[in-house]
1. Taking the stated definitions as given, is Ala198 away from ligand 2 (no atom under 16 Å from the Cβ) and on the phi < 0 side of the Ramachandran plot?
2. Only one of (1) within 17 Å of the chain's Cα centre (by Cα); (2) open to solvent by 50 Å² or more (accessible area, probe 1.4 Å); (3) in contact (Cβ under 8 Å) with a residue 24 or more places away in the chain is not met by Phe196, so which one is it?
3. When residues of the range 142-174 are filtered for being over 20 Å from Ile63 (Cα atoms) and hydroxyl-bearing (Ser, Thr, Tyr), how many remain?
4. Being touching a strand residue (DSSP E or B) at 6+ places or on another chain (Cβ under 6 Å) and either open to solvent by 60 Å² or more (accessible area, probe 1.4 Å) or outside any helix (DSSP H, G or I) (or both) is the filter here; which residues of the range 244-281 pass it?
5. Yes or no: the range 127-145 includes at least one residue that is in the same structural domain as Leu28 (by TED's automatic domain parsing), crowded, with 16+ Cβ neighbours inside 10 Å, touching a residue at least 40 places away in the same chain (Cβ under 8 Å) and within 16 Å of ligand 2 (Cβ to nearest atom).
6. Would you check if Gly19 is under 23 Å from Ile124 (Cα atoms), of a type in the set (Gly, Ala, Ser) and out of contact with any helix residue (DSSP H, G or I) (no Cβ under 8 Å at 6 or more places or on another chain)?
7. Is it the case that Asp191 is open to solvent by 40 Å² or more (accessible area, probe 1.4 Å) and within 27 Å of Leu266 (Cβ to Cβ)?
8. Where residues in the range 114-125 are under 19 Å from the mean Cα position of the chain (by Cα) and not polar (S, T, N, Q), which of them is surrounded by the most Cβ atoms within 10 Å (Cβ to Cβ)?
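The values are calculated or read from the model by the stated rules, or taken from the named source; none is laboratory data. Every value quoted in this text rests on a predicted model; they were computed, and no experiment measured them. Heads up, the Cβs are rebuilt from the backbone with ideal geometry, glycines too, and the neighbour counts pull from every protein chain shown. All accessible areas refer to the heavy atoms of the entire protein, side chains included, with ligands and DNA or RNA removed. Shrake-Rupley method; radii C 1.70, N 1.55, O 1.52, S 1.80 Å.
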Amino acid sequence: MSTSEYRLDTQCGYVAIVGRPNVGKSTLMNHLLGQKISITSRKPQTTRQQIVGISTEEKIQIIFVDTPGLHLGQEKALNKFMNKTASAAIKDVDAVVFLVDRLHWTDEDEYVLEQLKAAKCPVILAINKIDLVANKDDLLPHIDKISQIRKFDHVMPLSALKGHNLENLHKLLSSVMPLSLHYYPEDQITDRSERFLAAEMIREKIIRQLGDEIPYDIAVEIESWKFEGRTLHIHAAILVARNGQKRIVIGEKGARLKSIGTEARLDMENLFETKVMLNLWVKVKGAWSDDERALKSLGYRDE
Ligand code: GDP
Ligand code: MG
């Protein structure tokens, strides 16, 4: 009788993408995956909860964890929640990508660097948005300065948006993933439900189109979701804190709401690969970002 020996030849692990708000973490994850699952915008604090993006290339699966930016200013319940999520992500992963925005070093970067002391895995310093750096020679002294505060396993300049150096980053990360069975099926790209992704896409369009006119404490609730034939019908409510905000989101003769809906629908049709009918309305719900209980009911759960 012979015993056949089973030798593991697949790799799988977690990579946390961390950094202060707005350095390009979500953009990086989307472009590494080649799919838009995490929303992005010019406004800080677009990402509120941790989102997992899964890349499977033959034997290697990398599970990227896009975190809300670690940031100073802890007074609101939502802020506290976002910081806790981001620092928890650092502890249990197989690699960390610490993302910074060119040479723009701030107290918040310093704060993230401080949190990285808890990391027990390889940490890669990734200098993002190099497409905007005219003189690349300026990068070296800056990298030296940050490297004196902490030693990094690798330093990599890149552009998440333009795709510069992403293949190298992917290769590097692949090389440090531990031997393991894959945690997800190879066709799965995120741990989030389609409903969650749909709500996020609506939120992205609001943030992008209304930018400074509206504080970031808006939320989207999917109220119904059903297929009729091949068309997916979605009803969603946009929750705002005040009546004035409701007027802004609806816009002149409903024009703003319509344009938010159109853009969100196109994103959904792309991601879900089906025709979508999207119905949006706006509801005033008070200042929910200050209320821990309201956060829970909207799915910002502390796990
Ligand atoms: P996050 O808060 O760290 O997740 O940042 P986002 O991914 O939302 O990106 C913030 C802003 O920076 C968005 O407007 C992105 O388009 C922009 N951005 C991200 N990466 C790059 C890059 O490599 N080059 C340039 N020019 N812009 C970028
Ligand atoms: Mg983000």
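1. On the way: away from ligand 2 (no atom under 16 Å from the Cβ): yes; on the phi < 0 side of the Ramachandran plot: yes.
Answer is yes for this residue.
2. Going through (1) within 17 Å of the chain's Cα centre (by Cα); (2) open to solvent by 50 Å² or more (accessible area, probe 1.4 Å); (3) in contact (Cβ under 8 Å) with a residue 24 or more places away in the chain one by one, Phe196 breaks only (2).
3. 2
4. Lys246, Arg265, Thr274, Lys275, Val276, Met277, Leu278, Asn279, Leu280, Trp281
5. yes
6. Details: under 23 Å from Ile124 (Cα atoms): yes; of a type in the set (Gly, Ala, Ser): yes; out of contact with any helix residue (DSSP H, G or I) (no Cβ under 8 Å at 6 or more places or on another chain): no.
Against the criterion (under 23 Å from Ile124 (Cα atoms), of a type in the set (Gly, Ala, Ser) and out of contact with any helix residue (DSSP H, G or I) (no Cβ under 8 Å at 6 or more places or on another chain)), Gly19 does not qualify.
7. On the way: open to solvent by 40 Å² or more (accessible area, probe 1.4 Å): yes; within 27 Å of Leu266 (Cβ to Cβ): yes.
Spelling it out, Asp191 is indeed open to solvent by 40 Å² or more (accessible area, probe 1.4 Å) and within 27 Å of Leu266 (Cβ to Cβ).
8. If we filter the range 114-125 for residues that are under 19 Å from the mean Cα position of the chain (by Cα), which is where we start, we get 115-116, 123-125.
Checking which are not polar (S, T, N, Q) leaves us with 116, 123-125.
Values: Leu116: 19, Val123: 20, Ile124: 20, Leu125: 22.
The residue in question is Leu125.
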